[in-house]
């Protein structure tokens, strides 16, 4: 995988029904999620891009009063672990993680 310029954005990690807001950053060969609230227990996560097996867009219905569709990045590691991040501009992040542009 090629080296990628640093890119960072606010994101929400989704683990089952639980969520945590934080900052998702891609810098070279590492993807990092740092939670805004350190006491929640979701992160920080440091994912080596060489360990990423696949990245895809996952669209799901958010079960709230407004019941809107959400777009998330689903990242699967070679170990079988998956991480789901709700983030703006999923197309940009999908391209960064799939192609290293």
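The values are calculated or read from the model by the stated rules, or taken from the named source; none is laboratory data. Everything numeric in this text was worked out from a predicted model, so none of it was measured. A quick note on method: Cβ atoms are made from the backbone with ideal geometry, for glycine too, and the neighbour counts reach across all protein chains shown.
Residues being modelled with pLDDT under 75 and loosely packed, with under 11 Cβ neighbours inside 10 Å: count how many of those fall in region 40-78.
So the answer is 9.
Kindly provide the set of residues from region 1-18 that are within 12 Å of the chain's Cα centre (by Cα) and either at pLDDT below 85 or surrounded by 14 or more Cβ atoms within 10 Å (Cβ to Cβ) (or both), ordered by number.
9, 11, 12, 13, 14, 15
Within region 22-39, can you find the residues that are loosely packed, with under 15 Cβ neighbours inside 10 Å and either out of contact with any helix residue (DSSP H, G or I) (no Cβ under 9 Å at 6 or more places or on another chain) or under 15 Å from residue 90 (Cα atoms) (or both)? Walk me through it before giving the result.
Here is the first cut: in region 22-39, the ones loosely packed, with under 15 Cβ neighbours inside 10 Å are 27-28, 30, 36-39.
Residues satisfying the conditions are 27, 36, 37, 38, 39.
List every residue pair whose Cβ atoms sit under 7 Å apart, with the two residues 6 or more apart in sequence or on different chains, where the first one lies in region 66-94 and is over 18 Å from residue 22 (Cβ atoms) and the second, anywhere, is surrounded by fewer than 13 Cβ atoms within 10 Å (Cβ to Cβ) and modelled with pLDDT of 90 or more.
76/53; 76/54; 77/53; 78/53
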